[in-house]
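Peer 1: Quick one: the structure is below, questions incoming.
The values are calculated or read from the model by the stated rules, or taken from the named source; none is laboratory data. Just so we're clear, the structure is a prediction, and the values are computed from it rather than from any experiment. All Cβ positions, even for glycine, are placed from backbone atoms using ideal geometry, and neighbour counts span all protein chains on display.
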Amino acid sequence: MTSNKIILILSVLVFTLSCKENTQNSNTSYYEDDFYEETENYLEEDGFDYEERTEDYSEYSNVNGHQKPTQKKGLLKSIFGGGKKSHDFVDARTGLVVNSAKYPANWQIISKPIYTLDQKIPMHLVQIQGPGNLKTFNTPIYFYIHYPNPQISQWMKQYSSTSSMMRPVKSNQQIMQDEVNQRMANSGFKLIRQRKIPRAQNYIRNILNKTGGQQAQLDHFVTEWTNGKGQKALVTLAKITMGQPILNGNTMLMWFYSLDYVFVDEDKFEDTINDLLNAMESTKENTEWTQYMAQLNQVRAQKAAQQHRINMRNRQAAFNAHQQKMKGIWAAQDANHASFMNRTFGSGSNVAQNQFVNMINEEETVYNPSSGKNYQVSAGSTEYWMDSDGNYIKNDNLFYNPNGDINLNNREWTKVKSAF
């Protein structure tokens with residue numbers, strides 16, 4: 001699966017149920033805002049000051065720089081609920097609208113593109129506030145890699161540039177325990193139940209199927225909470241796990257997840273979930289963004305192909321240089337060997353002449369290490385023993401040692417070998 005497809009699949013997590021809402025006019029807080037403020041501060045890093053953004057969010061610039069008119073019709077619906085307005089999710093790099101969705105007109109929406117996974121393809125953090133003391137917000141996507149083979153995992157930890165992203169796949173319950181349960185408890189919320197939201201799960205699965213993720217495992221883990229003070233919460237964990245074949249039948253697992261929080265008055269809880277689902281299903285891709293992505297993919301494919309050709313040329317050049325170097329070494333070795341053979345056994349060598357003479361005289365030339373001299377002996381024995389005066393003994397018994405023979409007047413005998 002290509003990286004662009006993975007990015008597209010990741011963006012599904014960011015958008016699905018990625019809203020939060022709270023009324024501007026209410027000062028009531030039903031829970032501690034600490035972990036909500038973490039996301040709010042993240043948005044404000046680039047100037048998304050929530051308190052100052054009180055304008056009608058149905059008015060924004062389209063991709064050509066023209067203003068879409070503020071919805072004038074249905075003013076009463078905008079005030080009392082029932083109307084819809086569109087919100088654009090914009091790519092900060094190009095100014096293009098990535099996609100848009102329709103929300104209740106009395107919701108205030110801010111979104112911020114982030115580029116943690118791809119510097120040209122944004123994910124969006126989204127916050128929404130509105131009536132009913134509703135706040136919804138999403139976390140960034142957490143992306144990890146896991147190698148089930150322990151040997152490969154150990155090697156990648158030592159040598160791979162992605163070692164910091166390596167982490168075993170966590171269960172849904174473990175993620176909730178590590179990141180959600182204590183925070184919710186600190187805010188005064190207790191878990192009511194785990195529930196299913198088929199519309200959201202089916203929406204994500206359909207997009208996975210359209211983007212090449214048919215084999216991906218989808219976990220849509222939804223929990224419902226209450227604080228006993230008239231407010232309920234919904235926390236959704238969306239986790240996707242995909243396998244990628246690597247060498248020798250092994251597999252690399254890519255797994256990533258996002259968390260979405262919804263807080264709202266109890267009497268508006270189910271209606272708010274339905275509004276969020278409607279907004280999710282109303283998402284429309286901008287055709288200009290689709291064209292931009294097609295061009296981006298084409299450019300990246302061309303660069304990848306060009307880099308591949310360069311790598312192949314470099315590898316071939318390195319191989320040719322190595323072969324040329326080895327040819328020089330082999331030629332030098334061949335020349336040395338030929339010279340040695342010619343010197344030692346050639347027609348002009350003393351060795352060859354001596355061997356020829358020995359063959360005629362039925363003799364053999366031996367070297368005595370005790371005297372450092374060569375001697376001529378009669379040929380035909382398995383071994384020869386010689387004293388310091390050049391006297392020698394012919395011997396065919398490999399177990400015989402003349403130094404132990406009392407009949408040889410206790411002379412010192414040395415085993416000699418052929419001189420050449």
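Peer 1: Is it the case, given these coordinates, that Ile152 is among the β-branched types (Val, Ile, Thr) and closer than 22 Å to Asn133 by Cβ?
Peer 2: Against the criterion (among the β-branched types (Val, Ile, Thr) and closer than 22 Å to Asn133 by Cβ), Ile152 does not qualify.
Peer 1: Which condition from (1) touching a helix residue (DSSP H, G or I) at 6+ places or on another chain (Cβ under 9 Å); (2) within 21 Å of His124 (Cα to Cα); (3) not basic (Lys, Arg) is the one that Thr287 breaks?
Peer 2: (1)
Peer 1: Condition first: free of Cβ contacts under 8 Å to residues at least 40 places away in the same chain and either farther than 22 Å from Tyr144 by Cα or touching a Cys at 6+ places or on another chain (Cβ under 6 Å) (or both). Now tell me which residues in the range 197-213 satisfy that.
Peer 2: The answer is Pro198, Asn202, Asn206, Lys210.
Quick grid of which residues meet (1) free of Cβ contacts under 8 Å to residues at least 24 places away in the same chain; (2) surrounded by fewer than 18 Cβ atoms within 10 Å (Cβ to Cβ); (3) in contact with a Cys (Cβ under 8 Å, 6 or more places away or on another chain); (4) not assigned by TED's automatic domain parsing to the domain that holds Ala185:
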residue	(1), (2), (3), (4)
Arg195	no, yes, no, no
Gln215	no, yes, no, no
Val222	no, no, no, no
Ala238	no, no, no, no
Ile246	no, yes, no, no
Leu259	no, no, no, no
Glu270	yes, yes, no, no
Met280	no, no, no, no
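Peer 1: Follow-up. Does Ala200 satisfy the condition of being loosely packed, with under 13 Cβ neighbours inside 10 Å and hydrophobic (A, V, I, L, M, F, W, C)?
Peer 2: no
Peer 1: Residue under question is Leu253, and the condition is that it be part of a strand (DSSP E or B) and either within 18 Å of Thr136 (Cβ to Cβ) or modelled with pLDDT under 90 (or both); does it hold?
Peer 2: no
Peer 1: Also: In the range 389-411, what count of residues is obtained for those that are touching a strand residue (DSSP E or B) at 6+ places or on another chain (Cβ under 8 Å) and touching a residue at least 24 places away in the same chain (Cβ under 8 Å)?
Peer 2: 1
Peer 1: While we're looking at this one, here's another question. Kindly provide the set of residues from the range 161-192 that are part of a helix (DSSP H, G or I) and hydroxyl-bearing (Ser, Thr, Tyr), ordered by number.
Peer 2: If the condition is that a residue be part of a helix (DSSP H, G or I) and hydroxyl-bearing (Ser, Thr, Tyr), then Ser163, Ser164 are the ones that fit.
Peer 1: Anything in the range 101-125 that is under 15 Å from Asp275 (Cα atoms) and assigned to a strand (DSSP E or B)? List them, or say none.
Peer 2: Ala101, Lys102, Tyr103, Pro104, Gln108, Ile109
Peer 1: Now a separate question. Considering the range 150-162 alone, what residues qualify as being within 18 Å of Met242 (Cα to Cα) and in contact with a helix residue (DSSP H, G or I) (Cβ under 7 Å, 6 or more places away or on another chain)?
Peer 2: If the condition is that a residue be within 18 Å of Met242 (Cα to Cα) and in contact with a helix residue (DSSP H, G or I) (Cβ under 7 Å, 6 or more places away or on another chain), then no residue fits.
Peer 1: Residues to consider are Gln174, Gln244, Gln214; find the one that is at pLDDT 95 or above and farther than 26 Å from His87 by Cβ.
Peer 2: Gln174 is the lone residue from the list that is at pLDDT 95 or above and farther than 26 Å from His87 by Cβ.
Peer 1: Another question, then. For the range 103-151, how many residues meet the condition of being among the basic types (Lys, Arg) and over 26 Å from the mean Cα position of the chain (by Cα)?
Peer 2: 1
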